[in-house]
Amino acid sequence: MSEIKVYPDPTSLAWAAAEHFVAQATEAVAARGLFTVALSGGSTPRSTYALLASADNADRSGRQHPREFALRVDWPRVHVFWGDERCVPPDHTDSNYCMGREVLLDHVPIPRRNVHRIRGEMEPEQAANEYERTLQSFFDARPGEPSPQFDLILLGMGGDGHTASLFPGTASVHEEARWVVAHYVDKLSAWRVTLTPVVVNAAAHVTFLVAGAGKAERLHQVLAGRYQPDVLPAQIVRPTDGQLLWLVDAAAAARLQQEVE
């Protein structure tokens, strides 16, 4: 099942995404006693993470809610993973882990043992193998068994239609066995480690956060154009039994026929 929600501006989008995070965390903890989430890197989710961690939030009406989001999440029952990582040390400015830690995790009471990062400082293939083993151990699964089901996977979409580190023309887009792969991205001249569609499409909830006029044409192609995941990898995200949700701002949705909320 897929749904698109459009918001007037990036701030409204960030608030909606934070509310969505809290709702999924609350539901999962109530049902199973824990919440598993894979975070996204990039600039768009940064504002959402800041809201989730903020000591003083103000909603769109101006009302103050001290630590509203942070207090509504049972952080000791949250387990944080990442959808992909750049092959850099954990304190590098390009590290997805570094951004998530500095903006969110350092400001909420989540136990260190509940944070499961991709070790981007390792040799790429070794990092991918280790992270796959981490998933196997945490979700008590083995190769050949059904892939882990995250409660929530947050994704972004690049201007070229990539998501996580599934880039146009890369074999990882069509991976059907591995849960985590490493590959060299020629256009970036860099190595990346990423969850594969095997894991992403097994999640209970997969949510894209997309903002900015620069994404409008590509978003239209991904959602309304011909299915060609080799060119537009974001199209490969089609949860098997879960919910696919697109949270986008009005600028990114300019080519879509959606009513702005």
Notebook entry, point to check: How about the stretch 204-261: which of its residues are without any contact (Cβ under 8 Å) to a residue 60 or more places away in the chain, of a type in the set (Val, Ile, Thr) and open to solvent by less than 20 Å² (accessible area, probe 1.4 Å)?
Noted result: VAL206
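Please go through the stretch 151-200 and give me each residue that is touching a Pro at 6+ places or on another chain (Cβ under 7 Å) and more than 20 Å from PRO45 (Cβ to Cβ), ordered by number. Even if it seems obvious, please write down each step before you answer.
Taking the stretch 151-200 and keeping what is touching a Pro at 6+ places or on another chain (Cβ under 7 Å), we get 154, 156, 160-163, 166-168, 173, 175, 182, 191, 193, 199.
Once the filter is applied, which keeps residues that are touching a Pro at 6+ places or on another chain (Cβ under 7 Å) and more than 20 Å from PRO45 (Cβ to Cβ), the stretch 151-200 yields PRO168, VAL173, GLU175, ALA182, TRP191.
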Check: Looking only at the stretch 107-125, which residues are in contact (Cβ under 8 Å) with a residue 24 or more places away in the chain, farther than 18 Å from GLY83 by Cα and not β-branched (Val, Ile, Thr)?
Finding: HIS107, PRO109, PRO111
Notebook entry, point to check: Take the residues of the stretch 172-203 that are of a type in the set (Ser, Thr, Tyr) and open to solvent by 20 Å² or more (accessible area, probe 1.4 Å): which is farthest from VAL22 (Cα to Cα)?
Noted result: SER189
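So for the stretch 69-85 (the condition being farther than 28 Å from GLY33 by Cβ, crowded, with 16+ Cβ neighbours inside 10 Å, modelled with pLDDT of 95 or more and out of contact with any Leu (no Cβ under 6 Å at 6 or more places or on another chain)), does at least one residue qualify? Step through it out loud before you land on a result.
Start the filter on the stretch 69-85 by keeping residues that are farther than 28 Å from GLY33 by Cβ, which leaves none.
No, every residue in the stretch 69-85 fails to be farther than 28 Å from GLY33 by Cβ, crowded, with 16+ Cβ neighbours inside 10 Å, modelled with pLDDT of 95 or more and out of contact with any Leu (no Cβ under 6 Å at 6 or more places or on another chain).
Results for (1) modelled with pLDDT of 95 or more; (2) open to solvent by less than 70 Å² (accessible area, probe 1.4 Å); (3) touching a Gly at 6+ places or on another chain (Cβ under 6 Å), shown as yes or no for each residue.
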site	(1), (2), (3)
MET1	no, no, no
PHE21	yes, yes, no
ALA28	yes, yes, no
ALA38	yes, yes, yes
GLY42	no, yes, yes
PRO45	yes, yes, no
SER54	no, yes, no
ARG63	no, no, no
Next item on the list: Please identify the pairs in which a residue from the stretch 1-23 that is closer than 22 Å to ARG238 by Cα has its Cβ atom under 6 Å from the Cβ atom of a residue that is open to solvent by less than 20 Å² (accessible area, probe 1.4 Å) and at pLDDT below 95, counting only partners at least 6 apart or on another chain.
Entry: none
Next item on the list: Considering only the stretch 137-171, state which residues are crowded, with 17+ Cβ neighbours inside 10 Å and over 19 Å from the mean Cα position of the chain (by Cα).
Entry: THR170
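The values are calculated or read from the model by the stated rules, or taken from the named source; none is laboratory data. All of these numbers come straight from a predicted model, not from anything done at the bench. Cβ atoms come from the backbone with ideal geometry, glycine included; neighbour counts cover every protein chain shown. For the accessible areas, the whole protein counts, side chains as well, though only heavy atoms, and no ligand, DNA or RNA atoms are used. Shrake-Rupley method; radii C 1.70, N 1.55, O 1.52, S 1.80 Å.
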